[in-house]
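The values are calculated or read from the model by the stated rules, or taken from the named source; none is laboratory data. Nothing here was measured: the structure is a model prediction, and the numbers come from that model. Here Cβ is always computed from backbone atoms with ideal geometry, including for glycine, and neighbour counts include all displayed protein chains.
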């Protein structure tokens, strides 16, 4: 994707590079502090900010080398994707998850690990697709349409390559935004232990 103005929003999009990972992780960690799913997974408000910086780094560092993670100028908005047949987590990152969850969650770690398996079970595996793992807008820039504009530019590239796209919505307030971008709900699952509900969404190839 070439850098350029984001559909009326005066910011530019570019691919995430190694030097950007800290800023990307900061934006994600702040944006997800009160997310219904991830605040449920990490319920301790005191330890959550530090835990999130370690947790979301696993995903950001795993996916940016695939070349399809994007950010605005100063990471006001970020979108972290796995490419078709790409992994959301490297094997090393995946192996580190139980230890990280044990450290921050103690006995609750087993519940969250089971919830992560629910995400994996719901994920379609019969057709190669782009997977939107994370989209986040920094708190200081919410409500300006930056995140949606960034996704629209990403999806233009996905369309040019004639692939479908998939995501899980951890917050029902975001469903309308994803539907405006062409995603349609295909299912939902409730996390173990009377946890929150996650909606799965698919965008057909164009």
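Before we move on, is residue 21 assigned to a helix (DSSP H, G or I), in contact (Cβ under 8 Å) with a residue 12 or more places away in the chain and in contact with a helix residue (DSSP H, G or I) (Cβ under 7 Å, 6 or more places away or on another chain)? Write out each step before concluding.
Values: assigned to a helix (DSSP H, G or I): yes; in contact (Cβ under 8 Å) with a residue 12 or more places away in the chain: yes; in contact with a helix residue (DSSP H, G or I) (Cβ under 7 Å, 6 or more places away or on another chain): yes.
Yes; evaluated as a whole, the condition is true for this residue.
Answer yes or no as to whether residue 79 is touching a helix residue (DSSP H, G or I) at 6+ places or on another chain (Cβ under 7 Å), surrounded by 15 or more Cβ atoms within 10 Å (Cβ to Cβ) and under 25 Å from residue 163 (Cβ atoms).
Against the criterion (touching a helix residue (DSSP H, G or I) at 6+ places or on another chain (Cβ under 7 Å), surrounded by 15 or more Cβ atoms within 10 Å (Cβ to Cβ) and under 25 Å from residue 163 (Cβ atoms)), residue 79 qualifies.
For segment 24-51, how many residues meet the condition of being in contact with a helix residue (DSSP H, G or I) (Cβ under 7 Å, 6 or more places away or on another chain) and touching a residue at least 60 places away in the same chain (Cβ under 8 Å)?
6
Residue 166 fails exactly one of the following numbered conditions: (1) more than 28 Å from residue 126 (Cβ to Cβ); (2) at pLDDT 95 or above. What is the number of that condition?
The failed condition is (1).
Residue by residue, here is whether (1) farther than 19 Å from residue 81 by Cα; (2) in contact (Cβ under 8 Å) with a residue 40 or more places away in the chain; (3) touching a strand residue (DSSP E or B) at 6+ places or on another chain (Cβ under 7 Å) holds:
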{"residue": "151", "(1), (2), (3)": "no, yes, yes"}
{"residue": "161", "(1), (2), (3)": "no, no, no"}
{"residue": "176", "(1), (2), (3)": "yes, no, no"}
{"residue": "183", "(1), (2), (3)": "no, no, yes"}
{"residue": "190", "(1), (2), (3)": "yes, no, yes"}
{"residue": "193", "(1), (2), (3)": "yes, yes, no"}
{"residue": "197", "(1), (2), (3)": "yes, no, yes"}
{"residue": "204", "(1), (2), (3)": "no, yes, no"}
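Which residues, taken from segment 170-199, are crowded, with 19+ Cβ neighbours inside 10 Å and either closer than 12 Å to residue 122 by Cβ or touching a helix residue (DSSP H, G or I) at 6+ places or on another chain (Cβ under 8 Å) (or both)?
170, 191, 198, 199, listed by residue number.
Every residue, every condition in (1) surrounded by 16 or more Cβ atoms within 10 Å (Cβ to Cβ); (2) touching a helix residue (DSSP H, G or I) at 6+ places or on another chain (Cβ under 8 Å); (3) without any contact (Cβ under 8 Å) to a residue 24 or more places away in the chain; (4) part of a strand (DSSP E or B), yes or no:
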| residue | (1), (2), (3), (4) |
| --- | --- |
| 70 | yes, yes, no, yes |
| 75 | yes, yes, no, no |
| 95 | no, no, yes, no |
| 110 | no, no, yes, no |
| 115 | yes, yes, no, no |
| 136 | yes, yes, no, yes |
| 157 | no, no, no, no |
| 168 | yes, yes, no, yes |
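What is the one condition in (1) surrounded by fewer than 17 Cβ atoms within 10 Å (Cβ to Cβ); (2) at pLDDT below 95 that residue 45 does not satisfy?
For residue 45, the exception is condition (2).
Looking at (1) closer than 25 Å to residue 41 by Cα; (2) at pLDDT 95 or above; (3) in contact with a strand residue (DSSP E or B) (Cβ under 8 Å, 6 or more places away or on another chain), which one does residue 100 not meet, given that it meets all the others?
Going through (1) closer than 25 Å to residue 41 by Cα; (2) at pLDDT 95 or above; (3) in contact with a strand residue (DSSP E or B) (Cβ under 8 Å, 6 or more places away or on another chain) one by one, residue 100 breaks only (3).
Select from segment 35-64 the residues that are within 18 Å of residue 115 (Cα to Cα) and part of a loop (DSSP other than H, G, I, E, B) and write down the one among them that is nearest to the chain's Cα centre (by Cα).
Looking at the filtered set, the residue picked out is 35.
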